[in-house]
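A short reminder: the numbers here are calculations on the coordinates, not readings from a lab. The structure presented is a predicted model; accordingly, all values stated were derived computationally and were not measured.
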Amino acid sequence: MKGIDVPILEYSDGRAIHQPPKMQGSFPTHAFPSIMGDAIREASQTLNLPVELPAQAALGAVSLVSQNFISVKCPNYAPAPCALFLMAVSDSSAGKSPAEERFLRAVKAFELRQEEDRAAGMPIYHAELKIWRDDDLRLAKDYRDAEPGSAEAQNIREMRLQHERDRPVEPLVRELRYGELSPQGLRDALVANGAVGILSPEADPVINGMTFSQPAILSGYWSGEDRPVGLASGKRRPPAPQLTIEVMCQTPKFADYMTSRGRDAFSTGLFARMLVMAPQCNDMAQQETCIEEVPEPKLKLFNERVTRILSQAIPAPRDRVVLHLSEHAKRYWKAYKDAISAELNSDYSIEIKLFFRKLAQQASRIAALFHYIEDQPGDISAEAMRNAITLCEWYTFEYVRIFTPYAPSEGQKCTAWAEKLLAWLQDVDTGRLFYRNLRIGEYTERDLRNYSSLRGDHQALQAAIDILQQQGHIAVVCGKKGGRVIIYPALRTSQQYPYQPFPSNVQFAANPNLTIPTRWNSHLGEWGNG
């Protein structure tokens, strides 16, 4: 299936309308700037990987190296970070580490140069520090010997102040990324560096360890919040923090995380800020091993651009370049935001809707990164915004596919309950299940509360009965004492059970005012057990 372009209809009066696609296409590598898209396709071909994995690695690398230099400004909002939170879920040995390595070559080379420069500068620093301390002792003695209030004392005082300003500075290494950090360590890293990344191709220690143990803190950093933390040593405030997260984890570890911490990640909004993918990794049979070095010119160009970005002087957090949307890009952004607002009326859970509410900001961040990695002048172009929206649409289908089993809507819960009860009724009718005290084909509500697959869950049972009645799988009639009697199959009712039909209790069914989600596909049930 070819990629599906985002339909943005433009009118002569300047209005633009966005219509969300009805289905998920293939991963839209065409939406990336050429410097990224070409490198992504090259890495995918060289490593024989699904294109999604190198694409995720490329996005993480661009977010990591750009976040310290730029922010993005949307209409009527304050400048916001451009950093992304990314997660890929795939099987073991799917090539996550080689994909990340391709796009972090310039970052690793930069880190190595810093280490080498620091090692070369440390002997000079230690020598200068010794001299500085000797001078400090001499000035302190001269100040004590001088007449208090004299011109000599005033002159020495000024010399001491200047001497303190001239204290040798230890060569430091600018920390760009970590494999994992405690919440306290992350705060300190942001205080020291302003912007850092948590990048890991094997994310089990990250998501199931201390790094993700306080998801509310991570959510705050995504938003650029710089709330001070009170400590015994004083307040610690990371100024205008920028944090990139790009982790790749195995499917079983992701399931473990959802079981132990998924509820907190939803409730604190962490998942609402995540762009998540779960690409299918298929082993290629009879694939020959290549022993010759494969040239990678597109990846070389990508890493050269990263090197140029990293070679710049780091601005103060409040002095980062603020990228604005062009007038044309604003119209695209507005059309996308309005379309998202309309789609919030669909039958999604609140957890899914929280993600939708962050989509317009995600699109603006990606557009800013696309603009910056291409070294484009001026404001963010309409093309960059359109491409960012295209990518966000693909991620939206992926998010719904992955997280719906863990966060179903009320309508989806009712449907699942109905399917569970129907399967039980079929098993009893065919004899696969046997209960001595049940009359096959005719069941009171009390029977179902005591024996069915929904026993003990009154609300689920009521909703399931209503839905199966509306679908025609069962008939619901009035029993001799006025209660409901469920007949399965429904065709048995007319001759065998001369009871009055019982009206459907629609209050337990899915909300009839909700619209059908447009992002529905047949793979929603593949993930987890809810």
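Data for the structure
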read-out: Along principal axes, Cα extents of the chain, largest first, whole Å; value: 116, 58, 56
read-out: Ratio of Rg to Rh over segment 1-145 (Cα coordinates, Kirkwood Rh, two decimals); value: 1.25
read-out: Added length on full extension, which subtracts the Cα-Cα distance from 0.36 nm per residue, Ser182 to Ser223; value: 12.8 nm
read-out: Residues with amide H under 5 Å from that of Leu325, placed H, sequence gap 5 or more; value: Lys73, Ile380
read-out: Amide hydrogen neighbours beyond the local backbone of Ala278, cut-off 5 Å, H modeled; value: Val89
read-out: Length released on extending from Ala313 to His30, taking residue separation times 0.36 nm less the Cα-Cα span; value: 98.7 nm
read-out: Derived scalar couplings ³J(HN,Hα) [segment 267-274; Karplus, 6.51 cos²θ - 1.76 cosθ + 1.60; whole Hz; x for Gly, Pro]; value: 5, 8, x, 5, 5, 5, 9, 9
read-out: Contour minus Cα-Cα distance for His473 and Asp13 (0.36 nm per residue); value: 160.4 nm
read-out: Which listed pairs, of Lys253/Lys413; Lys22/Lys73; Lys96/Lys300; Lys73/Lys96, have C-alpha distances above 28 Å, in listed order; value: Lys22/Lys73; Lys73/Lys96
read-out: Computed over segment 84-227, Cα set: Rg, Dmax in Å; value: 23.6, 77
read-out: Amide H contacts under 5 Å for Gly25, placed H, 5+ residues apart; value: Ile4
read-out: Contact order relative to length of the chain, as percent, for alpha carbon pairs under 8 angstrom and 6 or more apart; value: 19
